[in-house]
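Here the structure is laid out as C-alpha cells; the discussion comes afterwards.
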Ligand code: GLA
C-alpha cells in the first residue's frame, strides 16, 4: 500500500490523515493555507522509536488494533467462538472527495470488513462512523466498536458533563493525566447523568480563548466516552455505544454501525466551537423542518397535574391566548384511568370520565383562540396497574424469571416485539389522524434495567426500535412537531433531534437552576431547541421563590413557554407574563437564528449570554447574578462579536424593580442609553451595575443610525 496524505477541510479547521498500513489522523486543527508535499509531511511527522518498546512505530489509527501493537483501547473487540479476537485490518480501498474520506479494510483470516467514514462540513463539524461486517459464514460476537480520533499532545484538560434529574448539564473540568478520562452510561437512555459529550483542549481553554475540540456521540442509549493519555503522551479520543453482553452478535454477513461521532475544532474558544455546532444543527439536523417562528407554549403539567376538567382547561386556554401563548399542550392525565402516576400508562384511550365529549371541544376551543394544540404521550411505558399490562404482561422489556424494578411505578415496553410496536403505532396514529393535533410531547420517564428481548440483552435494538417508531410516525404525520422529553433532559442528543423538533430541557423550572442547566445545554445546541418555561413563583422542584424578572429573562432565551395555571394568576402576574411573552416575540427571530456568545464576566457569581444577529447589527444580552457578588464592585461587562468599527446604542430594557435601591449610585447607562463602538464594547466594556443575588438584567444593543 502506498502511503499518502488526505485532507479534509472545513472553513476554519482541517484534518490531515495519513494512510499507510493504517489510517491515522496526523493533524486536526486550524486550516493550513498552504499544501505540503507528502514527502515533506512524512519527514516532518516521522516519530522517533524509543528503546524499551516495540521495534516499529505504532500509529494510533482510526481503529486501533491490538494485533498491530496498540496497547491502548482497541477500536474493535469481539470474537468468533473464541477466535479472531485480535483482527488486523488491511486497507483495500480509500475513497476521497473534498469533504469525505472513506477507508475500507479487511481481515481475510478473521473474515471481517471494516469501513470508516469521516466527513467535515462547511461549518467545521466533523462526523465519523464505522461499520463492521462479518464476511464469514459463522457468527461473530462484537463487544466493542469505537469511533477513534487522535488529538494533539497539548490537549491537557477535559470539560465534561454530570448531572441528575432536575439538575442536568452540569459541568466539570478534569486535568488529563496518566490514565485519562472515561465516562460510561448504562441507564438505557441518553441520561440526565452523562450527556454524551465532552470538550478537550490545552489547559485553560475558555469561552473566548484557547483551542478546543468538542465531541458529541449522537446516540440515545448506553455509551462510553474516553480520552486516553498513552504512556508515550499521545491523546486518543473514543466515543462508542456501550454494548451489553452478547447483544451485538453478527450473524453471517451482518453488519454493525456505530452511532455518529460529531466533532468540532475551534481556535476561538468554546464560543467558536458552539457556534459551529449551532450552525450544523440548524442547517443539517433541523433542515428547515421548522420554518415558521416557534410558537410560545403553555404546558398544563405544573398548572393542574392530573386534575383534568375540560371546562377548566378551556378557561386556561382562554387566559393563555390572552397572554400571547401560541401553542397549548395538554400534559399527562388525559387518558383512561390516569389519575396519578401509579397507573394507566399504555392505555392510550381518552378518559371518558374526564372528557365525556372527547378531546374535540378542547382542541376546537384552542384552535378557535388561534393557538396550536399539543398532547402528551409516554409511548414506551406501561404501568403494571393498567389494562394493557393485565392483558399483555409479556410485552415488558426484561428477562424471564427476573422481576425488573419499577421506576415511577412503570415498566418499559419491548419495542422490538412487533405486536408492541404495532399497537403503539396504531394508538399514536389514531390520535394524530383523528384529531387536528399539531404537536406531541413524547416523554420517557424511567431508566431501563435489563433490556432483555427473548432472553437476550437488547439495549441497542430497543433504542433503534424507538427511532423506528418515531420515524414511522414522522413519515405519516410530517406536519406534527415533536418534543423529546425524558423526565426533562434525559434524552437530548443529535440522533433524537433528527426526528424531533425541540427538547424539554429539564423538569426544573427554578430560574436559578435553569441558568446553569441552560448554559450547559448551549455548548452543543442552539436556543430554539431548548424548551424554557416560566414556572410558578415558588418553584415546584426546589421550593425557591423567584422574582418575575429572573423567571422571565431566563425563559425568553430558549423556546419559550409557561408551565403554570394562568387562571390562578393575578392580573399583575398575567400582565408580567404578557410582557415577557411579548419581549420574546420581539426578539425571537434574533434568538432563534443568531450567534450565541457566553460572556466572560469579572464576577464569577454572574453568568451572561449575548445573542447577536448574523449581520452584527443588534444583540440581546442577559446577565444573571447567581449568588452574592464576590466583591463590592462587579467589574465590567464586555461584549464580543460586534463590528469593531460600528457604533451601537446600549439600553437596559429589563431589570429588577429594586435596581436603584440600597446603592448610592448605579452606572449612568442603567438610566440613560449610551452609544459606544463595537470595539469599545469588546475591549473596554461598561461598568456592571450592582445586582442582588438571584436577579437578572436584559440589555438591548442596536446599531446606531448613520448620519
Ligand atoms: C415528566 C415530564 C414532565 C411531565 C410529567 C408528566 O416528568 O418531564 O414535564 O410531562 O412527566 O407525568
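Throughout, read-outs are computed from the coordinates displayed, never taken from laboratory work. As the structure is a computational prediction, the values presented were derived from the model and not from experiment. Please note: Cβ atoms are built from the backbone with ideal geometry, for glycine as well, and neighbour counts cover all protein chains shown.
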Using the Kirkwood formula on alpha carbons, the hydrodynamic radius of region 355-508 in angstrom works out to 16.5
A correct Stokes-Einstein calculation for region 580-660, using the alpha-carbon Kirkwood radius, 25 °C and 0.890 mPa s, returns a whole-number D in µm² s⁻¹ of 174
With 0.36 nm assigned to each residue of separation and the Cα-Cα distance removed, residue 643 to residue 574 gains 21.0 nm
Per the rule of 0.36 nm per residue minus the C-alpha distance, extending residue 57 to residue 315 adds in nm 85.5 nm
Taking a crude spin-label model, label points 7 Å out from Cα along the C-beta direction, the residue 252 to residue 209 distance in nm is 6.3
Residue span residue 471 to residue 391: 0.36 nm per residue of separation minus Cα-Cα distance leaves a gain in nm of 26.1 nm
Among region 410-429, those whose backbone N falls under 19 Å of a label point 7 Å along Cα→Cβ from residue 340 are 410-411
With R₀ set to 56 angstrom, the calculated FRET efficiency between the beta-carbons of residue 631 and residue 283, to the nearest 0.05, is 0.85
Computed from the beta carbon distance with a Förster radius of 41 Å, FRET efficiency for residue 102 and residue 615 to the nearest 0.05 stands at 0.60
Region 77-128 and region 497-569 have their Cα centres apart by a whole-number Å value of 42
To the nearest 0.05, the calculated FRET efficiency linking residue 400 and residue 306 through their beta-carbon distance, R0 being 22 Å, is 0.05
By the C-alpha gyration tensor axes a ≥ b ≥ c (rounded if a/c is under 1.5, else prolate when a/b exceeds b/c, else oblate), the shape of region 526-632 is oblate
Of the convex hull drawn through the C-alpha atoms of region 171-290, the volume per residue in Å³ is 158
For region 389-528, percent of DSSP beta bridges that are antiparallel (nearest 5) comes out at 35
Most exposed to least, judged by fewest other Cβ atoms within 10 Å, 80, 390, 224, 491 sort to 390, 80, 224, 491
Taking N as the number of residues in region 114-233, the ratio of its alpha carbon radius of gyration to 2.2 N^0.38 Å works out to 1.20
Region 467-561: relative contact order from alpha carbon pairs under 8 Å, six or more residues apart, as a whole percent, is 24
From DSSP H assignment alone, runs of 4+ in the chain each adding -39500 (n - 2.57), the sum over residues rounded to the nearest 500 puts [θ] at 222 nm at -6000 deg cm²/dmol
Percent relative contact order for region 158-254, counting Cα pairs under 8 Å at least six residues apart, stands at 26
The convex hull of the Cα atoms of region 3-143, divided by residue count, gives a volume in Å³ per residue of 123
Here the percent of antiparallel bridges among DSSP beta bridges lying wholly in the chain, to the nearest 5, is 85
The distance between the Cα centres of region 187-241 and region 622-676, in whole Å, is 35
Simple SL model, points at 7 angstrom along Cα→Cβ for residue 408 and residue 589; separation in nm is 3.8
For region 614-707, the Cα gyration tensor yields equivalent-ellipsoid semi-axes (√(5λ), largest first, whole Å) of 25, 13, 12
Averaging 1/r across every pair of distinct alpha carbons in region 317-377 and inverting yields a Kirkwood hydrodynamic radius, in angstrom, of 12.4
D (µm²/s, integer) via Stokes-Einstein for region 429-513, Kirkwood Rh across alpha-carbon pairs, 37 °C, 0.692 mPa s: value 229
Computed over region 551-707, the convex hull of the Cα set has an average projected area, in nm², of 10.1
Ranked output for segments 341-354, 623-636, 438-451 by mean other Cβ atoms within 10 Å, highest leading, reads 438-451, 341-354, 623-636
What the 10 Å binned alpha carbon P(r) of the chain shows, as percent of pairs per bin from 0, is 3, 14, 23, 24, 19, 12, 5, 1, 0
Most exposed first, judged by fewest Cβ atoms within 10 angstrom, 300, 172, 695, 542 run 172, 542, 695, 300
With the 8 Å Cα cutoff and a minimum separation of six or more residues, region 304-372 has a relative contact order in percent of 40
